[in-house]
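Working notes, structure below.
The values are calculated or read from the model by the stated rules, or taken from the named source; none is laboratory data. Quantities reported herein were computed from a predicted structural model and do not represent experimental measurements. Ideal geometry is used to build each Cβ from the backbone, glycine not excepted, and the neighbour counts take in all protein chains shown.
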Amino acid sequence: MHPFTVLFLAALALTTSIRLYLAYRQYRHVHACRGSVPPAFAEQIELGAHQKAADYTCEKTRLGAAGTLIDSALLLALTLGGGLDLADRIASHYFDPGIARGIAFIATIAIACSIVELPLSLYRTFRLEARFGFNKMTLRLFALDLLKGVILAAALGGPLLALILWLMEASGEHWWLYAWLAWTGFNLLILAIYPSFIAPLFNKFSPLQDEPLKRRIEGLLDRCGFRSQGLFVMDGSRRSSHGNAYFTGFGRSKRIVFFDTLLSRLEPSEVEAVLAHELGHFKHKHVIKRMIWLFAAALGFFWLLGQLMQQTWLYHALGADHPSMAMALALFFLVLPVFTYLLQPLLGMYSRKHEFEADHYATTHASAKDLEQALVKLYKDNASTLTPDPLHSVFYDSHPTAATRIARLQAEPAGH
């Protein structure tokens, strides 16, 4: 057995074991805390709502553990099990060597992965989410979303993949730099067109009609020096009863979006506080900072792929007997997460730092008490557990725990 095969199997076993161990810890901890509401929330959240959140979290954790096992088995099947070679033979049956064959090969892998993951997605939507009263999706809408996603992937991802494969073949030893530039440009283009052209394919966006709320929000935007394309309400209730708010796009395409479910649950002052938090991300340039980190990491990964793709041992060690540009691309991005998984706590820590900064910004332009009340309502309505396992949170939570976040808000001075 090749030494890299042993290293890959060891890394896969380690990451799978850690994922399952963290799931076990999360399930055990949340279930153990199910019997009583944490004292900080006892006056705002009743025991029944707390227990619903605990049960919902436990079921999601169990499903996530099943997904971990399926993902690991699928990766083994694709690599050492010969799945990639099978996909290559299928593509070679219809296409001669070249870009079209590479696209067909990667498309075959993507379709196979989607088919394997589909049962879990159906179960999550129509059993788990429905059991806890969140799912509003019909089977027809689910299928329509899936079809739209496939068409978008083909229409947008296909040309990008073709360009990268062409650059890999035609640009010499520095292809990885040109491919990175193409990938970066593609992502910036998607960010620019998403609000106006992609998001409306899946949801209906209507201008905010509540005039008092609109005036209140416009006052906040003036105080924060924020300019957007408009205030919109999204029909999130078509698919789920979960609520949220966000701003999207950049430059002149920026727009603020509220889920209709959010507006139905929060008071105007609480909506203002939630939006002030989102504006905090903008003012602290969190989106730009994350994009810079993402693009820098992608540059490093493309460079690494450029060094590894010429090494025939890499293909054979991972069960691929027919090296090619497309095979190198598929192998690299399938296997890479196994070796980068342990970086997740650093990414989570960075994200949680941004959330604290956005919360602090919100309290300088809105009421800390209103933001606290809004968050508690969202924790309750979205059945977010108040008692996550600490180690599980370190790995997976992009936001601070409820107790930590509320305590920080309570320590903030009044906003206005």
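Here are some notes:
- Within segment 1-23, being among the aromatic types (Phe, Trp, Tyr) and touching a residue at least 24 places away in the same chain (Cβ under 8 Å) holds for Phe4, Phe8.
- Subset of segment 377-398 (residues that are more than 20 Å from the chain's Cα centre (by Cα) and either surrounded by 21 or more Cβ atoms within 10 Å (Cβ to Cβ) or aromatic (Phe, Trp, Tyr) (or both)): Leu386, Thr387, Asp389
- Residues (closer than 15 Å to Ala402 by Cβ and of a type in the set (Asp, Glu)) located in segment 6-51: Glu43
- Counting only helices (runs of 4 or more DSSP H) that fall entirely inside segment 365-416 and contain at least 2 residues that are of a type in the set (S, T, N, Q) and outside the structural domain of His50 (by TED's automatic domain parsing), the qualifying elements are 402-410.
- Just one of the numbered conditions (1) at pLDDT below 90; (2) under 23 Å from Tyr194 (Cβ atoms) is not true of Lys289: (1).
- Between Leu63, Leu47, Leu74, Leu69, the distinction of being at pLDDT 95 or above and touching an Asp or Glu at 6+ places or on another chain (Cβ under 9 Å) belongs to Leu74 only.
- Filter result for the condition that a residue is surrounded by 19 or more Cβ atoms within 10 Å (Cβ to Cβ) and modelled with pLDDT of 90 or more, over Leu262, Leu279: Leu279
Table: residues versus (1) within 30 Å of Ala65 (Cβ to Cβ); (2) in contact with a Leu (Cβ under 8 Å, 6 or more places away or on another chain).
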{"residue": "His93", "(1), (2)": "no, no"}
{"residue": "Cys113", "(1), (2)": "yes, yes"}
{"residue": "Phe126", "(1), (2)": "yes, yes"}
{"residue": "Asn135", "(1), (2)": "yes, no"}
{"residue": "Ala143", "(1), (2)": "yes, no"}
{"residue": "Val150", "(1), (2)": "yes, no"}
{"residue": "Leu156", "(1), (2)": "no, no"}
{"residue": "Leu167", "(1), (2)": "no, no"}
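- Among the residues making up segment 214-254, those that are in contact with a strand residue (DSSP E or B) (Cβ under 9 Å, 6 or more places away or on another chain), over 30 Å from Arg127 (Cβ atoms) and among the hydrophobic types (A, V, I, L, M, F, W, C) are Ile217, Leu221, Phe226, Leu231, Phe232, Phe247.
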